[in-house]
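Here the structure comes first, spelled out in structure tokens, and everything after it is commentary.
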Amino acid sequence: MRVAIRWVLCLCASLPLAAAADPAFDRVLARWDGDARADLKAVVVLRDGAAVAQRYYNGHDAQSLHDIRSAGKSVTALLAGIAADEGRLRFEQAAARCLPARSEALAGARVSDLLSMRSGLDADDENAASPGNEDRLDAAADPLAFAVSVPRREPPGTRYAYNSLTAYLAGLCVEGATKQPLDAFAGQRLFAPLGIADWRWQRDAGGHAKGQGNLSLRAGDFARIGQMALDGGRWQGREIVREATLRAILAPRVRIGAVDPYADAYGYFWYRRIQRVGGREYETIFASGNGGNKLYLVPALRMVVAIQSSAYGRGYGQRRSQDILRALLGAAAQDGEKTAQSR
């Protein structure tokens, strides 16, 4: 009996206010119970700030920590925004002002260029031969020295190229601006105010938290971050990120549909896409990580969907997460039609 009570208390602490389960959403999530690939871990659905559906798969539960991979980049952007709110950082300042080491290749680059993947550096995670490819960064004995040695490819602000090195540098900028480790700043200014107590952020060989990803969270806490963003930077009445700053982070800044099959536009480490389901269009804002780790915000439905998956390096992980989102959107649309007909 004590074990059961403890589990319920922990579950309540890890999720926003619970609401009555939505049977339609439950049925959607149950479709993946028999997925033979066995690497989907969790889906949590919030509506109007309340948990209306959640399901855990393949040995995962509400207390399991999970590496959300590059969705951690979106958390780095939020931390840059908090640093900006505190007057320690400006998006349009020279990136060199907050970096701990000099980079000739970044001359003229702004923090906003780092946050929008337009640094001008020769770094491209889709090209294994790129000097700044993420595998080279991960293998470096001194990641900081490696990062600032990557050459320039074009002027900053001119071309989008997805790469983890840029996000690593953005994390270092937050560290330089705040004069404390990225994970410590995250714990004090973001996680603690959200009530997130159990988390882990991997550090690199140089002792820096990896601003490009490898942040482990519980699924409910992942959803909390999304709810705060959906609510304009506030959590339970407390301002975490100023609304204007959050708008700047989420705003679409470069069209990427030609190079990304899952997104239309990119902001500061956050994506956007219009999902067309059941004859309707839903604008979605989301964080994305390798393997299908997703944090979707659907403003029109006041909905947050947090998905955790370990299909790392497998293309179907991203497709499956989008399929789950679209199925939930379809269920929400049908529910809305039934409500309208009953009036």
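Could you pull out the chymotrypsin sites (Phe, Trp or Tyr not before Pro) across the stretch 203-277 that fall in loop regions by DSSP (anything but H, G, I, E, B) with no more than 16 other Cβ atoms inside 10 Å? Intermediate results must be reported in sequence, preceding the final value.
Working: sites: PHE222, TRP235, TYR262, TYR266, TYR268, PHE269, TRP270, TYR271; in loops: TYR262, TYR268, PHE269, TRP270.
For chymotrypsin sites (Phe, Trp or Tyr not before Pro) across the stretch 203-277 that sit outside H, G, I, E and B with at most 16 neighbouring Cβ atoms in 10 Å, the list reads TYR262.
Given the Cα-Cα distance of ALA333 and ARG255 and 0.36 nm per residue of separation, how much length would full extension add, in nm?
So the extension gain works out to 25.3 nm.
Using a 1.4 Å probe and counting only protein heavy atoms, arrange GLU281, GLU154, GLU92 so the residue with the most accessible area comes first.
GLU281, GLU92, GLU154
Using Cα-Cα distances under 8 Å and only pairs 6 or more residues apart, what relative contact order does the chain have, in percent?
21 percent
Can you compute the FRET efficiency between ALA128 and GLN202 using 1/(1 + (r/R0)^6), with r the Cβ-Cβ distance and R0 = 22 Å? Round to the nearest 0.05.
Details: r = 22 Å, r/R0 = 1.02.
Taking R0 as 22 Å, the efficiency between ALA128 and GLN202 is 0.45.
At a Förster distance of 51 Å, what's the computed FRET efficiency of SER149 paired with ASP35, Cβ-Cβ distance as r, to 0.05?
Computed FRET efficiency for SER149 and ASP35 comes out at 0.75.
Within the stretch 76-98, find all residues whose amide N lies under 16 Å from a label point positioned 7 Å from the Cα of ARG242 along Cα-to-beta-carbon.
Under cut-off, by backbone N: 78-93.
Taking every pair of alpha-carbon atoms in the stretch 184-343, what share in percent sits in each 5 Å bin, from 0 to the bin with the longest distance?
Answer for the stretch 184-343: a P(r) of 2, 8, 15, 20, 20, 17, 11, 5, 2, 1, 0, 0, 0 percent.
Taking Cα atoms of the chain, Rg/Rh with Kirkwood Rh, to two decimals?
For the chain, the value is 0.97.
Could you pull out every one of the aspartates and glutamates with an alpha carbon less than 14 Å from that of LYS179, ignoring same-chain neighbours closer than 8 positions?
GLU86
Give me the angle, in degrees from 0 to 90, between the Cα long axis of helix 219-230 and the longest principal axis of the Cα atoms of the chain, rounded to the nearest 10.
80 degrees
How much net charge surrounds GLY237 when only the other residues with a Cβ under 14 Å from the Cβ of GLY237 are counted, with Lys and Arg +1 and Asp and Glu -1?
The answer is -1.
Let me make sure I get this right: for the stretch 128-176, a, b and c are the square roots of the gyration tensor eigenvalues over alpha carbons, sorted descending. Under 1.5 in a/c it's rounded, otherwise prolate if a/b > b/c, else oblate. Which is it? Let's see the in-between values first.
Numbers: a/c = 1.75, a/b = 1.13, b/c = 1.56.
Oblate, since a/c reaches 1.5 and b/c is not below a/b.
How large is the Kirkwood hydrodynamic radius of the stretch 27-176, in angstrom, based on all distinct alpha carbon pairs?
So the Kirkwood estimate lands at 17.5 Å.
Give me the compactness ratio for the stretch 276-329, meaning the Cα radius of gyration over 2.2 N^0.38 Å.
So the Cα radius of gyration is 1.11 times the expected 2.2 N^0.38 Å.
I need the fraction of alpha carbon pairs in the stretch 99-185 separated by more than 19 Å, rounded to a whole percent. The partial results should precede the final answer.
On the way: 1174 of 3741 pairs.
Distances greater than 19 Å cover 31 percent of the Cα pairs.
How far is the Cα center of the stretch 164-232 from the Cα center of the stretch 49-114, in Å?
Comparing the Cα centres of the stretch 164-232 and the stretch 49-114, I get a distance of 6 Å.
Once you have the Cα-Cα distance between GLN188 and ALA101, take 0.36 nm times their residue separation minus that, and quote the gain in nm to one decimal.
Going from the current span to full extension adds 28.8 nm.
The values are calculated or read from the model by the stated rules, or taken from the named source; none is laboratory data. This is a predicted model, so every value here is computed, not measured. Note that each Cβ is placed from the backbone with ideal geometry, even for glycine, and that neighbours are counted across all protein chains shown. In case anyone asks, the SASA skips ligands and DNA or RNA and just uses the protein heavy atoms, side chains included. Shrake-Rupley method; radii C 1.70, N 1.55, O 1.52, S 1.80 Å.
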